[in-house]
Each structure stands twice: as structure tokens, then as C-alpha cells.
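Written below as C-alpha cells is the structure these notes are about.
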Amino acid sequence: MTQPWLHIIGIGEDGVEGLAPATRAVLDAAEVIVGGKRHHEMLDTPAERLAWPSPFDSLIAELEARRGKRVAVLATGDPLWFSVGAKIGRHFDASQIVFHPQVGAFQLAAARMGWSMADLETLTVHGRPVEQMIAFIQPDARLLVLTTGAETPGQIATFLTERGFGKSPMTVLAHMGGDKEARFDGLAESWNHEVPEFNTLAVDCVAAPDAALLPRVPGLADELFQSDGTMTKQEVRAITLAKLMPMRGALLWDVGTGCGSVAVEWMRGARYARAIGIEPKPERRAMAAANALALGVPRLELVDGMVPAALDGLDAPDAVFIGGGLTEETFDAAWAALRPLGRLVANAVTIESEMCLTALHKKHGGQLVKLSVERAEALGSLSGWKPLRPVTQWSLIKR
């Protein structure tokens, strides 16, 4: 059996002195040590030293080139929790790696706050768009956030305040477990602290009576989206997402994405869910991008092009929604690309599109339904029902 040659070592604010004796022995015996500047400053060793490469993706090649040597990679805290260990673990067989975890920022922050780890959300915006935390702003939620710099808590305070959560207590914790440990407390609406660059933010979300309610389940109100009027409406959107079944890390193709309402709700519906919106009109792509940013899914990809040609070369999807550009050729291309157990949903509002869906249903099976929604509206001094356009929906699973 091949002996592990690659050791991923978590290290805390207390440096090498905080390592277990066995882990310290591994570090002392290393021939190559990879880490950040502050990690290397802790060490006195004859080993070859490597800084984090730029671009960071070249790290794997750097490690591969030293295969067979005793290599130690230093990471902060738990190397498998929003850290470099997960990236390395995806490229090397587990038999070649030994992980040496340390108490991480989340555990330390939860202990400082007296919060149960089981009852909160752990997020990172370190090196990632800070807007992605917006999707987690909900009444009574407790958030621990690894930040990307000294300015990040102020940005998050603004997000909270703009959405009616300005009374939310915020705490920034820095240098936890070391001699320079510091704590900064305040409310989102009046946050004005200058904090160290490396910090962890704790947020206890407190909603005002007029706070925006943005649940993770599908069916956000239509008015939360910028739109030119052409969009999948709230009630139909909720049913559509239920058939698409958002899942952790899964990819959606949103064909004819329009303002992006389905793609945005897909990404909000499951952690790390991805979506590619295909839309030929630039003004609609701009609206979709703005909606993704405002609703906490800034990583929505948008593709300019006409289907089916625009689908060529895209990553294989776990689900496909066809809200525009429906033809048999578009279906054939999407169905061929769809991964096993993938879900496809197509909505039609015109007679021509409905005829296409009926023919596809007859040929491929699946479920064909007619969705009708009526909303109460003012009718003079009284109220009456105003119907939305009926939607024919076809859905099926690739088995």
C-alpha cells in the first residue's frame, strides 16, 4: 500500500505551538512546506518553502511536481471547511493524503458567541462575491461568515439595513485564539468599526415589521424581480421549481431565461446550485444579472445566443427549463445533454408552443398539465378575479 506523502495541516493563531505532538513531528520532517506568508513566518526549517501560487489553480501542478517528497501544506484552522484541503482532496487519491485538522474559525466563533453550531448557517465570502450571503438573510437566522477583508462587515451591514434587518446585532471576531484576539460589537444600521483584515463575522438576524421576506423555497413575489413583464409568474414559478428539484451543487440550464427568475430561485433553493441562463436579448440579460446580484446569487452565468446552437459546449445539466425558444430541435439538444436522472420542464403560453408540447408528450411521455391562476383585484369599489394567462407545462425525468 502506498504511504501518504501529502500532509494538509491546519494551524491556528497560536502557531506551531498549538499543534499536536504527532502533527508537529510531521511538519518538522517535511521536505517541502506550502503556505501563506504568515505561516512561513512562524517556521524555522531547512525545508523548501513555497508560497501560495498565482493563479491559485496552479497549486495542484506544484504539488504534483513534488510527488514522492514529504510535503506539508499549511492551512488556517480546519483545512476541509471552506479551505484548501477540499480542493487538494478532489485531485489526489485519499490514500496519498493525511489531514491534520485544527479548531477552525467557525468553532471558535460559535464558542465566543455561545451559539450552537447545529442551529446556524456557516458561510464564506472570502475571495468570493460578498452578495452571495444575501440569500441567507432571514428572520431569526444566525450566520457565521468568513469575510474577504476589513471592509466586508460594512458591506454586509448595508445589505441587512436595506432589507429591513438594521437592528441585527453584528460581532466581528479577529485573531481568535491568539494574543491579539479582538472583538467588535454593534448593530447593522449603525456599524462603523474599523476591523482587522482577517476576521469572522457573526450576525443575529432581527427583522423589522416591514423587512423583506426572502425564503429559500421557490415562489418569491414578482415585484422582487426587475422585469419587462415577460417572466414566469410567482405561482407558476413555484410549481416549475418543484418539478425541476433544486439540489446541492446541481446545474440548471434556463433556456430563454428572460429576467432570470427561475434561474435565480433555482440557485437560492439549494447550496452551491449553479445555473446558466441562455438569453439572446441584451436588455433581459442585464435584468437577469441585476436580479441575481440583488437576491444573493451573483454567480449566475448568462449566455448570449439562440437555441439550440447556444447550448453547444455548455456543461451537462442536471435540470433544464425551457421557458422560451421551444422547438423540437431545442428539446432534442437539451435532452441529449441532460445527465441521468435529470429533470426537464417546459412551459408554453401560446397555442403554437402548446401544440409542440403536446406532440413531445405523445412521443416521450412525462406529465402534461394546464396551470390556471386567478388573482383578486379591485373592480370599481369591489373586488373581482383577474386570470393570468394559462400555462401548459410538460415535465419528465431522464431515466
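Quick rundown of the values:
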item	result
Length gained when the stretch ARG38-ASP210 is fully extended (0.36 nm per residue, less Cα-Cα span)	57.4 nm
Highest-fluctuation residue, THR45, THR200, THR152 considered, GNM on the chain with Cα pairs under 10 Å	THR45
Cα gyration tensor, the stretch 107-201 - rounded (a/c under 1.5), prolate or oblate	rounded
Å² per residue, accessible surface of the stretch 280-399 at 1.4 Å	56
Fraction of beta bridges assigned by DSSP in the stretch 136-291 that are antiparallel (%, nearest 5)	75
Solvent-accessible heavy-atom area per residue, rounded to whole Å², over the stretch 156-268 at 1.4 Å	43
Selection of GluC sites (Glu not before Pro), the stretch 197-245, meeting DSSP coil and at most 13 other Cβ within 10 Å	GLU197
Those trypsin sites (Lys or Arg not before Pro) in the stretch 299-379 that DSSP places in a loop and that have at most 15 other beta carbons within 10 Å	ARG299
For the stretch 1-106: rounded, prolate or oblate by the Cα gyration tensor [a/c cutoff 1.5]	rounded
Gaussian network model of the chain, springs between alpha carbon atoms under 10 Å - residue of PHE331, PHE82, PHE92 with greatest fluctuation	PHE92
Sum of side-chain charges, LYS362 neighbourhood, beta-carbon under 13 Å (Lys, Arg +1; Asp, Glu -1)	-1
Charge dipole magnitude, Cβ of K and R +1, D and E -1 - the chain, Cα centre, debye nearest 20	1140
Listed candidates (1) 76, 51, 38; (2) 65, 49, 46; (3) 77, 54, 34 - label of the one calculated as Cα extents along the principal axes in Å	(3)
Charge context of GLN96, other residues only, Cβ under 13 angstrom, K/R +1, D/E -1	+3
The stretch 82-132: trypsin sites (Lys or Arg not before Pro) falling in loop per DSSP and having at most 15 other Cβ within 10 Å	ARG90
Probe 1.4 Å - accessible area at ASP44, Å² to nearest ten	150
Dipole in debye (nearest 20) - the stretch 96-194, about Cα centre, beta carbon charges: Lys, Arg +1; Asp, Glu -1	140
Ordering of 252-259, 319-326, 73-80, 283-290 by packing [mean C-beta count within 10 Å, highest first]	252-259, 319-326, 73-80, 283-290
Å³ per residue enclosed by the Cα convex hull of the stretch 200-303	114
Accessible area of TRP191 in the full protein assembly, 1.4 Å probe (Å², nearest 10)	40
Efficiency of FRET between VAL369 and ARG183 - r from beta-carbon atoms, R0 51 angstrom, step 0.05	0.40
FRET efficiency, 1/(1 + (r/R0)^6) with R0 35 Å, evaluated for ASP28 and SER58 via beta carbons	0.80
With every protein chain in place, the chain: carbon and sulfur % of accessible area (1.4 Å)	54
Student exercise, the stretch 119-273 dipole from Lys, Arg, Asp, Glu Cβ charges, in Debye to nearest 20	560
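The values are calculated or read from the model by the stated rules, or taken from the named source; none is laboratory data. A quick note: this is a predicted structure, and the numbers were derived from the prediction, not measured. Ideal geometry is used to build each Cβ from the backbone, glycine not excepted, and the neighbour counts take in all protein chains shown. These accessible areas exclude ligands, DNA and RNA; they are computed on the full protein's heavy atoms, side chains included. Shrake-Rupley method; radii C 1.70, N 1.55, O 1.52, S 1.80 Å.
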